[in-house]
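Since the structure comes first, as structure tokens, the remarks are kept for the end.
The values are calculated or read from the model by the stated rules, or taken from the named source; none is laboratory data. Worth saying up front: this structure is predicted, and the values here are computed from it rather than measured. As a convention, Cβ positions derive from the backbone with ideal geometry for all residues, glycine included, and neighbour counts pool all protein chains shown. Protein only, heavy atoms only, side chains kept; ligands, DNA and RNA dropped before computing areas. Shrake-Rupley method; radii C 1.70, N 1.55, O 1.52, S 1.80 Å.
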There are 2 protein chains.
Amino acid sequence: MSNYDQLTAHYQTISHFNHAQSMLGWDAAANMPAGGNDARSKAMAELSVHVHRLSTQPQLGEWFDKAQQELLSTEQQSSLREMKRQWQQATIVPEDLVQAQSIAGSKCEHAWRSQRPANDWEGFEKNWKEVVKLSREEAKIRSEALGSTPYDAMLDKFEPGTTTASLDTLFSDVKTWLPELIEKALDKQNSQSIIMPSGTFSTANQKALGVETMKLLKFDFDHGRLDQSVHPFCGGVPSDVRITTRYDEKDFVQALMGIVHETGHARYEQGLPKAFAGLPVGEARSMGVHESQSLFFEMQIGRSKPFISHLSQLSANAFNAHQDPVFAEENLYKIYTQVEKGFIRVDADELTYPAHVIMRYEIERDLINGVIEHTDVPALWDEKMKASLGLSTKGNYQNGCMQDIHWTDGAFGYFPSYTLGAMYAAQYKATMQQTVDIDGAIKSGDLSPIFKWLSDNIWSQASLHTTDDLIKRATGETLNAAHFRKHLETRYL
Amino acid sequence: MSNYDQLTAHYQTISHFNHAQSMLGWDAAANMPAGGNDARSKAMAELSVHVHRLSTQPQLGEWFDKAQQELLSTEQQSSLREMKRQWQQATIVPEDLVQAQSIAGSKCEHAWRSQRPANDWEGFEKNWKEVVKLSREEAKIRSEALGSTPYDAMLDKFEPGTTTASLDTLFSDVKTWLPELIEKALDKQNSQSIIMPSGTFSTANQKALGVETMKLLKFDFDHGRLDQSVHPFCGGVPSDVRITTRYDEKDFVQALMGIVHETGHARYEQGLPKAFAGLPVGEARSMGVHESQSLFFEMQIGRSKPFISHLSQLSANAFNAHQDPVFAEENLYKIYTQVEKGFIRVDADELTYPAHVIMRYEIERDLINGVIEHTDVPALWDEKMKASLGLSTKGNYQNGCMQDIHWTDGAFGYFPSYTLGAMYAAQYKATMQQTVDIDGAIKSGDLSPIFKWLSDNIWSQASLHTTDDLIKRATGETLNAAHFRKHLETRYL
């Protein structure tokens, strides 16, 4: 057996344990009674330890060295590159630091769950200090290995190839036009009236509506399911994708669009190439590219007028309320494109969302690079929220810098993925519409031409190329914020 | 760390992988879409290989030798005995035989799924021949290690401590009185009329009824769930027990009593001692003792008059049919104690069931011991069915010797567990009623005194004692078929 084949078999073995881990995680969120938590945590920790052990086995270095001398096809070279990348990610940070981070992160996140509602910055700061310190240590070690700045090294975990230099360029461009665009959109919407849903929307009816919507989006129910959990997510494995949502019986709007979003993640997973199943090269390219699929489904398809027209019919059917003006096309479209300046990122609309992300990016970049200290964050937050959305968070930590879970356990470098995803999605659409009648396809109810483009250009490509190459092959250029701007202007002006 | 402690840590590690395996198995039956099967099978096979590797690690032999010299409490000695038993079970049969059995068993079982409906004995016989041959090889190896007959060595896998000698005594006793008892019961029932359920019993209502019944039986929903699957079973782990059932919307009778049965299995699991969680000594004692719990719940509690009175109320409520004579106490009791001679074991009633088991026992015993050949089985089946239930299966293989899945993949030695379980359950009741007002407790709706007895005597004892000791400690004597006979006579005469 060649070294390349040995590596392939080894990574497929790892994927089987990851399969178990992924399904146990889904089950913990979707099914598990509270009393099962202790045994489940132990089982999942054991699987993590085992996967880490397999991912860092001493002989791997030699196999990689020798495999690089073997005669490999282009695809095999990509496969080798991605296996090696996972190996480097697994071995780069020393065990004791990983463990210290895990303990500090769990402690900080656990306390945060009660500190946030109590607006207790002082209590939070004491735990978070350690998380920041350890993340800086991690960033330093990674940056030395990669020859990059500390924050670039953290970005590399989630968005390989993306750098501070490129993000600074993209985001500073956005900052030149976004605030004015938000004001104009708000002005325009000032005059319009919206009828908001009222009454009861049973979970059973909402689920049936979700399933109908997923069928329209060609979710493959032979390779996946829809369930419920407190925090919606897309989990499972490519041949059995488990998406979840949360239903509010007073309002169907969030859950419905949430299902559209998760279906985007799901179809990416379902569309990954079978030939590379279980191998790193067969996995999704990055967090940002994953988000580009969920956001293509949500923003480019889901909130488009022809799709809202389908949702109008499907939801009126589901709730047996054909006369209710809430479900009228025009009204639903207004609901799904309403702009509002708010404190909370997860509640933000498409237009104000990038403002939330960019300020987090600027703060975490400077924090990890040692330009600012963690105690500077509340004041910076207040300043940036005022500048971008005109809202002060002075003394309001719970709706300010304490609102997200990401930083509590040291996931620095993740936030940019959200806006990168939105930008990629707008750029795909700009290219796609040169060859596909997108609105026509949506109107007809047969969206296959859209999905074929995504499948050909994104899903089937998995991690065969770097992100830049993937985007260039799909759209003819690397990421260009102009498409995102144009999309937003078209929709909101 | 002592060798005993090392072994303890090692078996707890194994239990975490078994946790994953068990939950993946439950998910495959209860949730998984068909397209997920391929990846799931690979993941579960990988976990099996890993557990087998951990269970047969070379250093274990030395640890066991040394641990036996260490100063251990009585409970630790029991724990060591059970770990060692699992180790011996894992190492006794050579790898290549295990693999050959797995391949031959899968092939035979897979073909059987279409051969049975086609009544194709000739086709089946060709595959089964190999399964029997390999099982005999396994039995020979086990018997040499244990110093027993080949069939006793197979029994030991499922019912450690149970021997052909004891089963021959028990079952030959049953054979002296069962046929006459069946005839008398049939005579008695000849004159009675039963109203069978008709109409539609929605899955949702049946599930709600099942949940109410489980609450009456004090199933702990903080440590378990009820779901659906094609073949009902009890899975999961002790702190998170997953039971399943199958609903027939034309008839609620089977599913309801099936839930009572699985709840018995579940409460045994939920009642296992936390102090030994993850260790062999903390597991259920044997298949027969497990069945003694499900059958105590089904036969001793579930089909008793006072419990049927609860079921009468609960089901009339669930289906909103208080006037329907189907749900009248007397009628439901008749339904749940109806005796009928039939071909199929899984459809058999409490009274005829032992006849099905005993003939299987006699055939598999002689087959494994080399007294008969696999080609003798159809004729023997016909002969024994005629003798015990007066039914001929000549040429009727699908409802004869091809009806069960057990033999298709070589699970010889399992069948006796069913009737051992029924006998243990009757014996518990005989002892329990000396100190507990069983009918009174059921009538009152607070069954705690019954569950306290089971918990004290069976659940909390896990595998601390051998089966014989467990039964002797609980009832003052080893297994005695007289209690079973008395129970059946009281109910059916």
| field | Members of the range B:1-46 that become less accessible by 40 Å² or more once partner protein chains are added (1.4 angstrom probe, chain alone as reference) | value | B:HIS16, B:PHE17, B:HIS19, B:LEU24, B:ASN31, B:PRO33, B:GLY35, B:ALA39, B:ARG40, B:ALA43, B:GLU46
| query | Considering the rotational relationship between chains A and B, which residue of chain A contributes the beta-carbon of minimal distance to the axis, and what is that distance to the nearest Å? | reply | A:ALA20, 2
| Contour minus Cα-Cα distance for B:GLU329 and B:GLU137 (0.36 nm per residue) | 63.8 nm
| note | Yeah, the range B:174-217 with a ≥ b ≥ c from its alpha-carbon gyration tensor (a/c under 1.5 is rounded, else prolate when a/b outruns b/c, oblate otherwise) is oblate
| Per Stokes-Einstein, at 20 °C and 1.002 mPa s, what whole-number D in µm² s⁻¹ belongs to chain B, with the Kirkwood radius over Cα pairs as the hydrodynamic radius? | 89 µm²/s
| request: Please check which bits of the range A:146-188 a label hung off A:ALA387 would reach, taking the label as a point 7 Å along Cα-to-C-beta and the cut-off as backbone N under 16 Å. | output: A:168-180
| query | Chain pair A, B: how much accessible area is buried, both chains summed, with a 1.4 Å probe, in Å² to 100? | reply | 2500 Å²
| Convex hull volume of the range B:199-243 per residue (C-alpha atoms, cubic angstrom) | 80 Å³
| task | Run the accessible area of chain A with a 1.4 Å probe and give the carbon-and-sulfur part as a rounded percent. | result | 50 percent
| Once you put a point 7 Å from the Cα of A:GLU62 and another 7 Å from the Cα of A:ILE103, both along the Cβ direction, what distance in nm separates them? | 3.4 nm
| By average Cβ neighbour count within 10 Å, what is the ranking of B:375-383, A:283-291 from highest down? | A:283-291, B:375-383
| field | Cα gyration tensor, the range B:45-84 - rounded (a/c under 1.5), prolate or oblate | value | oblate
| For chain A, what's the relative contact order in percent, using C-alpha pairs closer than 8 Å and at least 6 residues apart? | 19 percent
| said: Using a label point 7 Å beyond Cα on the Cα-Cβ vector, give me the inter-copy distances for A:ASN317 in nanometres, one decimal, shortest first. | reply: 3.8
| In the range A:154-493, what % of DSSP beta bridges are antiparallel (nearest 5)? | 50 percent
| task | Over every pair of different alpha-carbon atoms in the range A:309-400, take the mean of 1/r and invert it; report that Kirkwood radius in Å. | result | 15.6 Å
| task | Within the range A:303-344, report the GluC sites (Glu not before Pro) that DSSP leaves as loop and that have at most 14 other Cβ atoms within 10 Å. | result | A:GLU340
| request: Calculate the radius of gyration of the Cα atoms of the range B:94-156 to one decimal place, then report Dmax, the largest Cα-Cα distance, as a whole number, both in Å. | output: 13.6, 42
| field | Per-residue SASA entry for A:LEU186, accessible area with 1.4 Å probe, Å² rounded to 10 | value | 40 Å²
| field | Solvent-accessible surface ranking, highest first, for B:ILE141, A:ILE243, B:ILE372 at 1.4 angstrom | value | B:ILE141, B:ILE372, A:ILE243
| Could you name the aspartates and glutamates in cross-link range of A:LYS184, using Cα to Cα under 14 Å and dropping any fewer than eight places away on the same chain? | A:GLU340, A:GLU489
| request: For an R0 of 51 angstrom, estimate the FRET efficiency from the Cβ-Cβ distance between A:GLU70 and B:GLU477 and round to the nearest 0.05. | output: 0.10
| message | At q = 0.05, 0.09 Å⁻¹, what log₁₀ I(q)/I(0) does the protein assembly as shown have when each alpha carbon counts as one equal point scatterer in the Debye sum? | response | -0.38, -1.12
| query | At a probe radius of 1.4 Å, what is the per-residue accessible area of A:ARG116, in Å² to the nearest 10? | reply | 60 Å²
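Taking 4 °C and 1.567 mPa s as the conditions, I'd like the Stokes-Einstein D for the range B:1-159 in µm²/s, using the Kirkwood hydrodynamic radius from alpha carbon pairs.
The diffusion coefficient I find is 71 µm²/s.
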| note | Residue separation between B:LYS188 and B:THR91 times 0.36 nm, minus their alpha-carbon distance, gives in nm 29.6 nm
| In what sequence, highest mean first, do A:258-264, A:424-430, A:343-349, B:208-214 appear when ranked by Cβ atoms within 10 angstrom? | A:258-264, A:424-430, B:208-214, A:343-349
| said: As a test, work out the antiparallel percent of DSSP beta bridges whose residues both lie in the range B:176-270, rounded to the nearest 5. | reply: 50 percent
| Tell me, what is the FRET efficiency for B:LYS274 and B:ALA145 to the nearest 0.05, using R0 = 35 angstrom and their Cβ-Cβ distance as r? | 0.55
| note | Projecting the Cα atoms of A:ILE471, A:ASN399, A:PRO273 onto the charge dipole of the protein assembly as shown, where Lys and Arg contribute +1 and Asp and Glu -1 at Cβ, the residue farthest towards the positive end is A:ASN399
| field | Hits among lysines - C-alpha to C-alpha of A:LYS215 under 21 Å, sequence gap 8 or more where chains match | value | A:LYS207, A:LYS305, A:LYS443, A:LYS452
| note | For B:LYS250 and B:PHE221, extending 7 Å from Cα along the Cα-Cβ vector and measuring point to point gives, in nm, a value of 3.1 nm
| said: Taking only Cα atoms of the range A:1-91, what ratio of Rg to Rh do you get with Rh as the Kirkwood inverse-distance radius? | reply: 1.11
| remark: By accessible area (1.4 Å), largest first, B:GLU269, B:GLU75 order as B:GLU75, B:GLU269
| remark: Within the protein assembly as shown, the percent of DSSP beta bridges that are antiparallel, given to the nearest 5, stands at 50 percent
| field | Where chain B is the region considered: accessible area per residue in Å², 1.4 Å probe | value | 42 Å²
| Which of the helices in chain A, when you take each full DSSP H run, stretch at least 15 Å along the axis at their Cα atoms and have an average Kyte-Doolittle score of 0.0 or higher? | A:305-318
| request: Using only the Cα atoms of the range A:97-233, build the gyration tensor, take square roots of its eigenvalues as a ≥ b ≥ c, and label the shape rounded, prolate or oblate: rounded if a/c is under 1.5, else prolate if a/b is larger than b/c, else oblate. | output: prolate
| Which distances, shortest first and in nm, link B:ARG85 to the matching position in the other copies, using label points set 7 Å out along Cα to C-beta? | 5.1
